[in-house]
Structure formats: structure tokens, C-alpha cells
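Notes follow the structure.
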Amino acid sequence: MERTIISKSYEPKQVERKWYEYWEKNELFCAKGRSDKDPFCIVIPPPNVTGSLHMGHALNNTLQDIICRFKRMKGCNVLWQPGTDHAGIATQNVVEKDLASKGTDRHAIGRERFTELVWDWRTKYGGVIINQLKRLGCSCDWHRERFTMDEGLSRAVREVFVRLYEEGLIYKGDYIINWCPRCHTALADLEVEHEETESYLYYIRYLFESRDGHLTVATTRPETLLGDTAVAVNPEDKRYNGLSGKHVLLPLLDKVIPVILDRYVDTQFGTGALKITPAHDPNDFAIGNTHKLDRIKVIDENGRMNELAGPYKSMDRFECREKILGDLRQAGLLVKTEPYLHAAGYCYRCKTIIEPLLSKQWFVRAGQLAKEASQAVRDGKTRISPSNWEGVYFEWMDNIKDWCISRQIWWGHRIPVWYCEECEEVHAVKEDPVVCKSCGSTRILQETDVLDTWFSSALWPFSTLGWPDSTDELETFYPTSVLITGFDILFFWVARMMMMGIHFMGDIPFKDVYIHALVRDAEGKKMSKSRGNVIDPLEVMDEFGTDAFRFTLAALAAQGRDVKLSEERILGYRHFVNKIWNAARFVLMNLEDGVNTVSENRYYTLSDRWILTRLGQVSMDAAQAIEDYRFNEAAGLCYQFVWHEFCDWYLEMAKHSLYGKDRARKESSRATIQDVLMAVLKLLHPFMPFVTEEIWQKLPGTEDSIMIAAFPERSDFSEDKGALKEMELLMGIISGIRNIRGEMNIPPSKKLSILIDVADKEGSDILNRNLQHIRVLAGVAEVSVATGVSKPEASATAVFAQNQVHVLLKGLLDFEEERKRLRKEIKKVEKDIESSNKKLLNSDFMEKAPAEIIAKVKDKVETLSLKLEKLNQSFRLIETIDD
RNA sequence: AGGCGGAUAGCUCAGCGGGAGAGCAUCGGCCUUACAAGCCGGGGGUCACGGGUUCAAAUCCCGUUCCGCCUACCA
């Protein structure tokens, strides 16, 4: 590797691609099927093949990568299992759109040709998101990349389907489902989005069969009255006493339908009379079942009225609504129309209004599966954090409904069920059959529906590891360590993986689930294309660099809080990246001429001992924060430590040795700043893989990637409490002088003379050993340290602990300024003392507060009182002096 | 409708029982040979409002207001 002085600022673009290729080429992301190391495994939430990297992906995968890189450096055999999801409806939509632009459609070219085209599309574009993840630095084991429709996963899907079918956990049944007339498929309840929609509530008169009166019902969907098979009222509703057994005439069709009683009806809403259309409304369907009503389907799969709609046949559902309203008006049956706001269901893919339709669909019986999945979390086998999501999970699991798994599209796993046309036998089989197993007929037809996309992703944690075969990977990595995902797919995906994993593997799919926040826009809105409020992560990476972007995401990823991304914040962290770059530049410049590493007879200065101690502490704290998924805290610790301790104090103090005449110290210091920098790089690497690798490789003696370096441990650094204490004093004194300089507006070019009145021998030794640091860091020319000196008249004074620093300002001191400054300080200290004293005078506090708190407060008052006394002395001395 | 979360410095947000914090912005002083994407210093907050628990509340509990999200079968 080239070891030259590096440029003044960090240029991410040139660097990122280079190192990613290097990592891949050297197989640093590869996991071992068998290994002595502790296994650590994350399965990626597979992005849709149609996907393009958005903020959600960026956050999700950054967090995963941080943990994976961290665990690798901690010595684990890490498998980050990547792959993509075939995303049935989404992908089919993309290809259909393409066909439409060519003036054709899927029906014209047929199922076989169409799926071929989708596969072609996938080959051509399916890698886009993968490359974007690489851009983000994701350290997935790409050799193991899987696709939910590849051969192995398809085999797993069939195995699961057939076994569930044989166990009676999959069935086909009549049900009212959410139908998207545009996508032409059933949608699960979860795939329906509810949005407040302005509509009208129509009051329609249903005459009694005897024509001696009427009932008025309120509805938002008058067109469905064609399929009405009853009108329901609440049995408790006094207005409708004695209606039991009566019949009414369906308006326009004059069909006789019964009035039924059902407690479901809300007496407060509308007129308290509810029309029942079992074939086109989920609630009506349920009521229809209890009252054994006919189900008359009047709207077809295209959203048009069918032959049962009589005169309205083949009209569009909305067109029909207008026509019916007109006819009702004419017949005098439309009583009134009120504007009405209600939540209408929309297809989550294409935003078409959902039509509840009666149809035959395949279902997974979810009850028992959910119970076990729920229990596993109650037993603590799988922990969900932040823990409030456990409640949400239980709520869902305990009220679960059967899962509609069939979709009427062509792209997906075709349901492995064959119908025999001769004996009407139904077979669910793993291998495509040639003849009917029962009667031997060759006239067998496969089910045309495909499975819900989530069916295959539910198997992801074990299907990707080789199931149903027994493999080393399953043996080593199942259950996986942690699943990291957004809460938006807690039900879609996490819950179902739990059910399937427990059922088929006999064990939970992951030990931890970490639910992170959603990235939102400035108003807290979910970013979405349709809203036009997306910030493109690729553009952000272009502008600020990937490391800055990743660090921003980590720093903002506080548990349980949404991330509202701002460019300013990213800019701030780009500065941080640059700061690291320049710290490295400084180290490299000092290493350049000659000796690089001194391993023996190292001379450790105070600042060396201090920074090494701090490194141990920070490394431990940061590691623990990552382990606990407190990414923002880990990032914050690193930021604070690297910038304000490593750069601002340590490197500045190291200059003394580095620029000094003492050859041995100089070389020793060179070695130590390199050691410290290397530890800092390792600490930061999980967050900022690129810049840390770039610098790492420029340092002497680093032929291997930083990826395989060991993450700093506390035990790597000796803990020197004395160094912490000494530095505290030194920093306090220096800060005191700087504060006076700042407040007095004394430019740094003006060197100061100071007199330090030190409390004890120990302090005086410490300061005397470090006079040079005081000179350089505080801009002091003359300094003397003594005990019990009196304050020179023309001086400004700072008090730290029990020490006083007098800055001599002969002829310079603006006494009024200094009085102001001291008064401010005195006031602050007095206020502090007062509030603490109040506590000490409170007998309840003294009785009930823990001893250590009381001791702390006492100690504080004592220290502050001494400080106050010294400040007052200083103040009195100049109190009456005029300029 | 129910559930969940939020309200802290001008802005974006940490902190969630014992000294009000960060980044950005702002003000003052500095081109001090790693970094002006920088260095040094300062100012700025009845921690939404009202109650309560506690020796002690930004932090826990109840209520109010305003915001956001999720779930839901009021046609």
C-alpha cells in the first residue's frame, strides 16, 4: 500500500468503490458453514426485486451492517444472509406496464410467455438494489445470495404447502375477500390501505311487502342493494318493535327480502336499519352466515355489474351507482343525501378502491400457529425490542384471522394443487404429477392461483439456509441471532416467520427482533413516491459520502423514535469524517520520516496514559451499546471521544513530544499516536467502513483489512485512574485560562503571564510536570506555580477545584470587565450552593435519600464553597479599583 | 372508535427519578504548518399546560390541549 501524506480533505468517491471491491475479492464477507468461532447470523429483510434503495432500506441495512462488522471484529463467524423477494404484485405490475406501453397485455401473450418475460426482467433489473446495498457498504455474504423464487426456495415453499395441507392447516373456502379490480387479485386485509374519503351517505326507502309503510336504510354504496338479501335492525331498537318476520321490497327490483334482527346493528348510526349484502361486504357476510342468507354477487372481478344486476348489467360499479341513484330519485325512494367522511379501502399497490367480493380462496388456518408463536415471545425465547412492540405483537397474534394466501396473478409460486377433471380429486403434491393419483386420468389441471408473496418470505430464515435439506448452515446458524426490521412489516413478515419457523424447524427463527424506527420527512410523514417527499439515499451518498450518511443514520436511530432526516445533520457528520481524515493526516505526517513503531521501552506521557485509559472505557461502552441496539448512543460516544478527547486534547498534547528534541520520546510518541489512531479506526469501522479502511491501509504495518482486525477491548488498554485525575486538573486549569482569554477578548497572539496558586504539593507536581502543555494550549509565555501566593492586583482569576489561576494583565485589564466576569461566576456558584444547601437542610432528604447521594451533595457544597470563597477574594481585591 | 408515540435552546433531536445536553444556527476572538469542513470562548431553555406521587420529577401517575402513526366491521 502507498504510504504518502494524504490530501487535505477526504474524497469519498474515489475510495468507496476501491475498498468494496477489495473486500469482495478477498472474500471478507464470507461465512463458514462450520467453524469453531461463535456463530452470528442475520437474514436480510429481502428487498423487492423491483426495489430501489430508499431511506428505509438505508437505515435498516446500515444497522445490520454495523452489527455484522462489529461481530466479525469481535471474532464471530458472521453470516449476513442476503437475497431478494420476488414481490408478486409489484413485479407483475412493472412488467404489465411495460407490455401496455407496447400495446399488448398479459392475456394476449399467455401465462407461460408472461412469466418468461418477468424472469427476463428480473435477470436484467433484479440486481439494481443489490448494487445499491453494496454502495452502502453492506457486508453480506453475496456468494449465498438467494431469491424467493429460486429453485431451492421454491422447493421449500412446496414442502411447506404440502405439509400444511396434509395437516389440515391449509384449506380452500368461500370467503369475502378484498378484491382489487385493477390488479385482478385478492388482497390480504393487511394489503388494504384505509384512507379517509369524502363520500355520501344515501338514505333509501325500502317499502314493506304489504306496502303499508317503509324502512329507511342508510348506505354509502347504493349499487350493492341489488345484492341485498335482508334488512337488519337491532332487536333492542324500540323504533322497530314487532318487525320480526316482516318482509320488505328491494327497491327497483321489487324483490321480497326479510327483515332480520341482529345485535350487530348500531342503533345510533343512520336510521338504525342496515341493508345486508353478504356477497359484497365483510360484515354483511358474517351476518348472512348467522342468518343463513343467500349471497348474491352482483359485481364481477372487473368491478362491473353482472347478469344478476338485471337492468344494470355490465355497467361499471360507480356508473351504476349514479344510475341507481337517479332511478331511486325518480321512484321517490331516495329520502336524502348527506356528505359523509369514511375510511375506504384502497389497494396498497395501485390505489384502486377495493371491492369486497365473495370468492373461493386458499387459507392458512392461523389459530394454533399463532398461539405457539405468541407463546415463544411470552416465554422470552424470542425477545422483541423495544419491548413495547411485544404488546403490539401479542395483540395481533391473539386476534389473528386465517391468512388468505391465494393471489390471482401469474408471477409467484403457483399453488401445487392439481384437480382431476374425471374423478374430481384434489391433490397437493411436491412434484408435478402426470396422472391423477386416484383414478390415473391424465386430465389433471393445476390450480391457477399463486401464493401470497409473504408465504415464501415467511420461510426465509430457514429456506435460505438450505431447508428442507439438513445442511451445515442450518446446524450452525439456526436460530439466527437477530432480525432487524421496521415495524411496518411486523405482521406481514415477522409474525409469519415466527409461525413457520416454530412449526417447521421446531424452534424460533431468531433470538432477538430489533424493531427500528421509520425514516420520515420533515413533517414526520412516511416518505413515499406518491407523496413526492422522498430523499434519495443515493444522492445523499453522492453528496456527503457513504460514511457520513451511515453515521448520521446510526446517530439518529434512537430506539422507538422515528428518524426525521435533515441535510444539516448529515453535513455535520461529513465534517466529522473529515476531522478523522485530518487526524490521520497528522499522524501520517509525523510517521513519515523514519521510524514507525517502537514496541519496547515505550515512554508513556500523561496524555498517553490518559487517552489509553479512555480508549478502554469508550470501547467497552460503545461495544455494549451496539450489543443492546443503542446505535445512537454508540455513535454519540464515538463522536464525542474522537473529536473532543482524541483530537482536541490528545493530539494537541502529543505535539509536545513529537516536535520536541528528545529523540526517544519523539519515537515513542510516534508509535503511540499510531496505536491510538488504529484503535480509533477500529472503533469507528462498523459505522464508517470506507474511510477507516482507507486510512488503515495507509498506516505502516497494516497489510490486512481493518475488517479482520480485533475490535478494541477494555483489556487492551491499561486503566490508569491517576492519569484521569491528573488530566482533569490540567484540563481544568487550561480551560480556566482560555475562558479568561475568551471573555476578555485577548487574541491568541498575545501570550499571557500567569500565576497558579495551587492547593497542594500533588497538584503542584502535576502542573510543574506539564508546564509546556499549559504554555502551548493556553497561550501562556510565563508561568509560575506556588502555594499560598496572593493575587496580583491587575489580574483576572479562574478557580478550578481548590486551585486558582491568576492571569496577569498589567495595563491590559479592564477592571470593569473582570468584575462583571467574576460576578457572573459568583452568581452561578452561589445558585448551585443554594440549591444543594436546601437539600441538606431538608430533614426528609437527610433521612430518606440514599447515603451516597447525600455524600455527593455534601461534597459538592464543600467544593463549591471553597471556590466561592476564592472568587469572592478575587472580586474584593479589584472591587474598588478604577481604570 | 381504539391503541401507540411525541411536545426539552432559534432549528433537528438526545436524556426518561438525584448537577438541563448535543449537532446546526447565533455572537466574540483567531489563517496557532492535521483540519477555516478548522481552533478557542460566550449567549440562549418556568423541559406543552394543570394536578398528583416522592425527601427529590424534564424523567413516574392522572387529566387537558396540540401533533404524528398504527389498528378497526359503524353501514
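The values are calculated or read from the model by the stated rules, or taken from the named source; none is laboratory data. As the structure is a computational prediction, the values presented were derived from the model and not from experiment. Note that each Cβ is placed from the backbone with ideal geometry, even for glycine, and that neighbours are counted across all protein chains shown. Side chains included, ligands, DNA and RNA excluded: accessible areas come from the protein's heavy atoms. Shrake-Rupley method; radii C 1.70, N 1.55, O 1.52, S 1.80 Å.
Quick look at the numbers
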| quantity | calculated |
| --- | --- |
| Wholly enclosed helices (runs of 4 or more DSSP H) of the stretch A:43-141 bearing at least 2 residues surrounded by 24 or more Cβ atoms within 10 Å (Cβ to Cβ) and not aromatic (Phe, Trp, Tyr) | A:55-73, A:88-101 |
| Residues of the stretch A:199-219 that turn out to be more than 17 Å from A:Pro278 (Cβ to Cβ) and in contact with a strand residue (DSSP E or B) (Cβ under 6 Å, 6 or more places away or on another chain), as a count | 14 |
| Residues located in the stretch A:723-749, provided they are touching a residue at least 40 places away in the same chain (Cβ under 8 Å) and more than 26 Å from A:Lys870 (Cα to Cα) | A:Ala723 |
| Among (1) within 13 Å of RNA strand B (Cβ to nearest atom); (2) more than 19 Å from A:His575 (Cα to Cα) - the single one A:Lys698 does not satisfy | (1) |
| The stretch A:623-646 - residue that is near RNA strand B (Cβ under 8 Å from one of its atoms) and either within 21 Å of the chain's Cα centre (by Cα) or over 17 Å from A:Thr613 (Cβ atoms) (or both) and, of those, surrounded by the most Cβ atoms within 10 Å (Cβ to Cβ) | A:Glu633 |
| Qualifying residue in the stretch A:18-25 (condition: modelled with pLDDT of 90 or more and assigned to a loop (DSSP other than H, G, I, E, B)) | no |
| Residue in the stretch A:701-717 that is within 14 Å of RNA strand B (Cβ to nearest atom) and closer than 21 Å to A:Leu637 by Cα present | no |
| Residues of the stretch A:296-341 that turn out to be out of contact with any Gly (no Cβ under 9 Å at 6 or more places or on another chain), assigned to a loop (DSSP other than H, G, I, E, B) and among the charged types (D, E, K, R), as a count | 3 |
| Boolean, A:Gly736 is more than 38 Å from the chain's Cα centre (by Cα) and open to solvent by 30 Å² or more (accessible area, probe 1.4 Å) | no |
| Exclusive hit being open to solvent by less than 40 Å² (accessible area, probe 1.4 Å), farther than 30 Å from A:Ile484 by Cβ and either among the aliphatic types (A, V, I, L, M) or within 16 Å of RNA strand B (Cβ to nearest atom) (or both), set A:Val377, A:Val429, A:Val335, A:Val434 | A:Val429 |
| Verdict on A:Ser836 being within 13 Å of RNA strand B (Cβ to nearest atom), in contact with a Lys or Arg (Cβ under 6 Å, 6 or more places away or on another chain) and over 29 Å from A:Thr880 (Cα atoms) | yes |
| Among (1) open to solvent by 50 Å² or more (accessible area, probe 1.4 Å); (2) assigned to a helix (DSSP H, G or I), the one test that A:Tyr200 misses | (2) |
| Long-range neighbours under 7 Å by Cβ, at least six apart or interchain, first residue farther than 14 Å from A:Val513 by Cβ within the stretch A:375-403, second within 12 Å of RNA strand B (Cβ to nearest atom) | A:Trp403/A:Ala188 |
| Pairs where the first residue, in the stretch A:10-36, is at positive phi and the second is of a type in the set (Asp, Glu), C-beta under 6 Å, 6+ apart | none |
| Only one of A:Lys579, A:Lys564 that is modelled with pLDDT of 85 or more, within 13 Å of RNA strand B (Cβ to nearest atom), open to solvent by 30 Å² or more (accessible area, probe 1.4 Å) and within 30 Å of A:Cys647 (Cα to Cα) | A:Lys579 |
| All helices (runs of 4 or more DSSP H) inside the stretch A:387-498 with 2 or more residues being farther than 23 Å from A:Asp150 by Cβ | A:388-398 |
